[in-house]
1. Scan region 91-105 and give yes if some residue there is touching a residue at least 60 places away in the same chain (Cβ under 8 Å), open to solvent by 30 Å² or more (accessible area, probe 1.4 Å), within 16 Å of ligand 1 (Cβ to nearest atom) and among the aliphatic types (A, V, I, L, M), otherwise no.
2. Regarding GLY18, is this residue surrounded by 12 or more Cβ atoms within 10 Å (Cβ to Cβ) and at positive phi?
3. Considering only helices (runs of 4 or more DSSP H) fully contained in region 215-332, which possess at least 3 residues that are of a type in the set (Gly, Ala, Ser) and crowded, with 16+ Cβ neighbours inside 10 Å?
4. Name the pairs: first residue in region 149-166 and surrounded by fewer than 16 Cβ atoms within 10 Å (Cβ to Cβ), second residue of a type in the set (Ser, Thr, Tyr), Cβ to Cβ under 6 Å, at least 6 apart or on different chains?
5. So which of VAL113, VAL28 is farther than 30 Å from LEU281 by Cβ, open to solvent by less than 60 Å² (accessible area, probe 1.4 Å) and either hydroxyl-bearing (Ser, Thr, Tyr) or within 17 Å of the chain's Cα centre (by Cα) (or both)?
6. Confirm whether GLU191 is among the acidic types (Asp, Glu) and either assigned to a loop (DSSP other than H, G, I, E, B) or surrounded by fewer than 23 Cβ atoms within 10 Å (Cβ to Cβ) (or both).
7. If you check every pair at least six apart or on different chains, which have Cβ atoms under 9 Å apart with a residue in region 63-80 that is of a type in the set (Lys, Arg) first and a residue that is in a helix (DSSP H, G or I) second?
8. Tally up the residues in region 8-35 that are in contact (Cβ under 8 Å) with a residue 24 or more places away in the chain, closer than 18 Å to THR238 by Cβ and of a type in the set (A, V, I, L, M, F, W, C), please.
Amino acid sequence: MPGISEKLQKKLLFNPDGTRELGQQRLVGGKSTNLIEFANCKYSWAEQLYRKMRQFFWIPDEIPLGDDKRQFPKLTEYEQSAYKKTLAFLIFLDSIQVDNLGALALYITAPEVVACLKTQAFFETIHAQSYDYLLTSVVDSLTRDEVYTMWKDDSILLTRNKFITDQYQEFIDNPNEKAFIRSCMADYLLEGIYFYSGFAFFYSLGRQDKMGGTVSLIRLIQRDENTHLALFTHILRTLQEENPEWFDADIKAELLSMLKTAVDHEISWGKYVTRNQILGLSDSIIESYIKYLGNLRAEAIGLGSPYGNIKHPMPWVDTYAAMNSTKTDFFERKVTNYQKFGGSMKFDNLKPPS
Ligand code: ZN
Ligand code: ZN
């Protein structure tokens, strides 16, 4: 394409060559004016995702946690430990996301996609605030300190977090095409694989009528993460369509290897956190669930099905995760409400029928 560099370049904030002509626009290396113009944008998926994310706005501290505070000491030792470890993990990655999305956006020349990344960063802030709210409301201050320093005190947690942050840091330190692709892939794996055994753990508590406030927060977070996953699926696909020369056999092999590492990390983490002691979450169920997700994520970006034919081993998880689905509404009798009524929010009955 004439006038477009084959190398990844940081975009100019003021771009004298910027044009509104859609034929000149690209995800990276395009001739954007940088003006946000949803009625005239190249990537309609980004416009739709932006609207969806915005529609999902919510406020963590409007969800009551008094019952959770009373229930936490009554959880089994294993449940308490899994609760703390899972939060430690989520806090670390959601916080890091807030900063890293801005680093990627510096290279994206489609303002509608930048709008999505910035909105995502705002929602990651809400997620980080949710964990903070949980820890100040549900557990004592010593436990809170333990959870906030676990990212460096727990070697398993440290290893898996570093796998993601190394990719992010490498792109920031040495921005080039392949590092950019790897950083986007790390984001995709974080949103699409890394959170899932943790979410399933909270839903297994929800299924037993335990920690309902926490479960409500996690469901709202997962609703957002689904939009982030969709965003990075589109980003990776578009990068591939527009820059086929960047996606040689080496990088494809690398992406597949990253996916497999993420799946391995998530399985061993899931087993480590639950110790085979959480109702409905045995080691073998965790393993097939994460491999099932690994297949979905690989297929969505053209990397085949690395784990063969695997069925979803616990479809009940999806009834929790699909709370935003209005058509297949499983809350028929008591609808899940999260709507603004004169400044306050109402959030009713989050337990799907068993
Ligand atoms: Zn998040
Ligand atoms: Zn996210």
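1. Yes, region 91-105 has at least one match.
2. no
3. 249-274, 283-300
4. Final answer for the pair search is ILE156/TYR272.
5. Result of the check over VAL113, VAL28: VAL113.
6. no
7. Once the first residue is of a type in the set (Lys, Arg) and sits in region 63-80, its partners that are in a helix (DSSP H, G or I) give LYS69/SER137; LYS69/GLY213.
8. Result for region 8-35: 3.
The values are calculated or read from the model by the stated rules, or taken from the named source; none is laboratory data. Quick caveat: nothing in here was measured; it's all calculated off a predicted structure. Please note: Cβ atoms are built from the backbone with ideal geometry, for glycine as well, and neighbour counts cover all protein chains shown. For accessibility, only protein heavy atoms count, side chains too; no ligands or nucleic acids. Shrake-Rupley method; radii C 1.70, N 1.55, O 1.52, S 1.80 Å.
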